[in-house]
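Q: This is the structure I want to talk about, given as structure tokens.
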Amino acid sequence: RRSTELKPHRALDRAAYVILRHLQAAGPQNVTALADRLNLDGSTVTRQVTALERDGLAERRADPNDGRGTVIEATELGLKQVDAVAKARRALYDRVLRDWSADDRRRLADVLRHFNESAEAYMRASRP
């Protein structure tokens, strides 16, 4: 969904951005696969996808592997929006980190990557 705030790095809310980035990277997914990958409940993902569909950012299509099911796919508009937000975020981070050395930026990226991997592993291990 689009945020009411006009700042380019916030043109999509967090849920929309995360789902669209995943669809951009992994391609069409069913709700179960999206929920599993994002560590969310299927009903939560369904509500978020419904909002994305309403805004023209994603659409459901027949699952090519199972004609009874559907997959979620980012639309061209959704991909353009997620690219615009990613570009705006990179520009913002460049401004924030402009006084940091290349080594400091690399270390920050390494620590954040490590943190994200640890958080993801923890979330997966904590599932019921």
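The values are calculated or read from the model by the stated rules, or taken from the named source; none is laboratory data. As the structure is a prediction and not an experimental result, all values here were calculated from the model. Please note: Cβ atoms are built from the backbone with ideal geometry, for glycine as well, and neighbour counts cover all protein chains shown. Just the protein is used for accessible areas: all its heavy atoms, side chains included, with ligands, DNA and RNA removed. Shrake-Rupley method; radii C 1.70, N 1.55, O 1.52, S 1.80 Å.
Q: Go through Ala15, Ala58 for me and flag whichever is open to solvent by less than 50 Å² (accessible area, probe 1.4 Å), touching an Asp or Glu at 6+ places or on another chain (Cβ under 9 Å) and in contact (Cβ under 8 Å) with a residue 24 or more places away in the chain.
A: Residue meeting the stated conditions: Ala58.
Q: OK, next. For the stretch 61-72, which residues satisfy the criterion of being closer than 26 Å to Val85 by Cβ and open to solvent by less than 60 Å² (accessible area, probe 1.4 Å)?
A: Once the filter is applied, which keeps residues that are closer than 26 Å to Val85 by Cβ and open to solvent by less than 60 Å² (accessible area, probe 1.4 Å), the stretch 61-72 yields Val71, Ile72.
Q: Also: For the condition open to solvent by less than 60 Å² (accessible area, probe 1.4 Å) and assigned to a helix (DSSP H, G or I), what is the one hit in Asp83, Asp94, Asp110, Asp104?
A: Asp104 is the lone residue from the list that is open to solvent by less than 60 Å² (accessible area, probe 1.4 Å) and assigned to a helix (DSSP H, G or I).
Q: Would you please list the contacts, defined by Cβ atoms under 7 Å and residues six or more apart or on different chains, that run from a residue in the stretch 70-94 that is over 19 Å from Val45 (Cβ atoms) to a residue that is of a type in the set (Ser, Thr, Tyr) and assigned to a helix (DSSP H, G or I)?
A: Between residues of the stretch 70-94 that are over 19 Å from Val45 (Cβ atoms) and residues that are of a type in the set (Ser, Thr, Tyr) and assigned to a helix (DSSP H, G or I), the close pairs are Val85/Tyr17.
Q: Out of the stretch 32-43, which residues are within 14 Å of the chain's Cα centre (by Cα) and in a helix (DSSP H, G or I)?
A: If the condition is that a residue be within 14 Å of the chain's Cα centre (by Cα) and in a helix (DSSP H, G or I), then Ala33, Leu34, Ala35, Asp36, Arg37, Leu38 are the ones that fit.
Q: Return the residues of the stretch 36-59 that are more than 11 Å from Ile72 (Cβ to Cβ) and not acidic (Asp, Glu); say none if nothing qualifies.
A: Taking the stretch 36-59 first, the residues more than 11 Å from Ile72 (Cβ to Cβ) are 36-44, 47, 51, 54-56.
If the condition is that a residue be more than 11 Å from Ile72 (Cβ to Cβ) and not acidic (Asp, Glu), then Arg37, Leu38, Asn39, Leu40, Gly42, Ser43, Thr44, Arg47, Ala51, Arg54, Gly56 are the ones that fit.
Q: Would you please list the contacts, defined by Cβ atoms under 8 Å and residues six or more apart or on different chains, that run from a residue in the stretch 100-128 that is touching a residue at least 24 places away in the same chain (Cβ under 8 Å) to a residue that is of a type in the set (S, T, N, Q)?
A: Close Cβ pairs satisfying both conditions: Glu120/Asn39; Met123/Asn39; Arg124/Asn39; Arg127/Asn39.
Q: For the stretch 25-39, what are the residues that are of a type in the set (Gly, Ala, Ser) and open to solvent by less than 40 Å² (accessible area, probe 1.4 Å)?
A: Selection gives Gly27, Ala33, Ala35.
Q: Could you go through the stretch 41-51 and let me know if any residue there is surrounded by fewer than 12 Cβ atoms within 10 Å (Cβ to Cβ) and small (Gly, Ala, Ser).
A: Scanning the stretch 41-51, I find at least one residue that is surrounded by fewer than 12 Cβ atoms within 10 Å (Cβ to Cβ) and small (Gly, Ala, Ser), so the answer is yes.
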